[in-house]
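I have placed the structure first, in the form of structure tokens, so that the comments after it can refer back to it.
Values in this text are rule-based calculations from the coordinates and carry no lab data. What you see is a predicted model; the values in this text were computed from it and never measured. With ideal geometry, Cβ positions are generated from the backbone for all residues, glycine too; neighbour counts draw on all protein chains shown.
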Amino acid sequence: MSRTLQSEASTRARNQENARPFQLKFQCKASKEDFVKDQSQCRNIATSFNLSTLINGRMKLEGVIAAIVIVAQVTSPLPLAGWDFWSILPANAVLYSPETKLPRTGELALRRAIPANTNMKAIQASLEELSYLLRIPQRKPYGTMEGNVKKALKIAVDGKDSILASIPADLREKGSALYSSLIDGKGGLEALLKCIKDQDPDRVSVGLASSLDTVAELELLQAPGLSFLLPEQYLKYPRLTGRAVIELTIEKGDGSSFSPEVGGEQRKTATIQVVLDGYSAPLTTGNFAKLVTDGAYDGTKLSCINQAIISENDTGKNGYSAPLEIMPSGQFEPLYKTTLSVQDGELPVLPLSVYGAVAMAHSDVSEEYSSPYQFFFYLYDKRNSGLGGVSFDEGQFSVFGYITAGREILPHIKTGDVIKSAKLVEGQDRLVLPNES
């Protein structure tokens, strides 16, 4: 490829008046015919050396300059005027950017999705930064960690009145107890500071998890319902106005057993726990929760396809064909009937790029709507994603929750395995049905 580029560059420099605009192709396939043509061009260059010394010198100089520009552009792309051959598509800029930060666990994604007080979100962001710092091998930046925790502690102390005022009056007593625990409880910020000063990474990790759990509990108290109004045309759909928990019991279709837990026995069934996020996808979660309470998924067969475990599509089930529902990051309400433009940097609050994400399949009729019944577990694999860790299907489906317990059994589920039962174990009071609107 290098010889071809140099030959073309020399020819262009020699024939500027007749040459076409130069463009670099990312995918080049060199054929025998191309090679012969390149050899012919090289012979023409050699023949031109018989001309005057002045022309010969000028040609050499222009050829060298052209070659230098090409090498410079390949190794370090420059915004040369009129040359658009190195323009990178926005999609690639997002998908392959190592700076793209998405939550890597369902727990983290769910915590970030809570529409809570701004002070609590600032505390959360400061603490979550410790998760990245703890991954640094060998010499941990304990000084930076200490600064982050002190910052979170200051926000919590200075913003106490604002934090507690954001909690409904009937929940404020519980909120006050959680607030005290966050400040100086056993798993609070003061205790976390001590672990950091002792430079014990294991204790820091445990203390951080405890503090973030308390933060999430406080945030959930601050978000008793939806923070936005649903469009009037969607009030006829079931909706979930907060969080709910579903338990799915899976059994092997061929009568075999699941692998035993550590120190346990063979299991005929395994349990998966899914947290539904009505804050970001109220219609999708509402429809799913209603189907669960109706027993629609009991006995449903599962199939394994590329990077997903999908339920059978039973059109006889009485579900609602809800519109595609995706909450973009930085927005306060979902978008309906439209996918996100990852090419323009749009990413969802509930990303698909998490192992164990739960989403609805598309409707058979239109991709502007989700299937009224069929859902899937997404088996995210970074090897099949961009360098930024973004799935190539990101922003295309209504993600409505994550597996928070039982992720380890996903690799053991095979086509033909069955959902023995599905139960709504928490959040029944947040499920609003159409006849209750």
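Observations on the model:
- When each of Lys151/Lys337; Lys121/Lys301; Lys151/Lys186; Lys154/Lys382; Lys236/Lys414 is checked by Cα-Cα distance, pairs over 30 Å: Lys151/Lys337; Lys121/Lys301; Lys154/Lys382; Lys236/Lys414
- The share of C-alpha pairs in region 168-215 whose separation exceeds 18 Å stands at 32 percent.
- For region 118-196, chymotrypsin sites (Phe, Trp or Tyr not before Pro) are listed when DSSP marks them as loop and at most 14 other Cβ atoms sit within 10 Å of their Cβ; the list is empty.
- Measuring between their Cα centroids, region 113-167 and region 361-392 lie 32 Å from each other.
- Annotation for region 98-172: GluC sites (Glu not before Pro) lying in DSSP loop with at most 11 further Cβ atoms inside 10 Å of their Cβ are Glu99.
- Put simply, when 266-274, 321-329 are sorted by average Cβ atoms within 10 angstrom per residue, most first, you get 321-329, 266-274.
- Computed over region 179-240, Kirkwood Rh from alpha-carbon pairs, angstrom: 13.9 Å
- Cα shape, region 158-297, gyration tensor, a/c 1.5 rule: oblate
- If you wrap region 141-220 in the convex hull of its Cα atoms and look at it from every side, the mean projected area works out to 4.8 nm².
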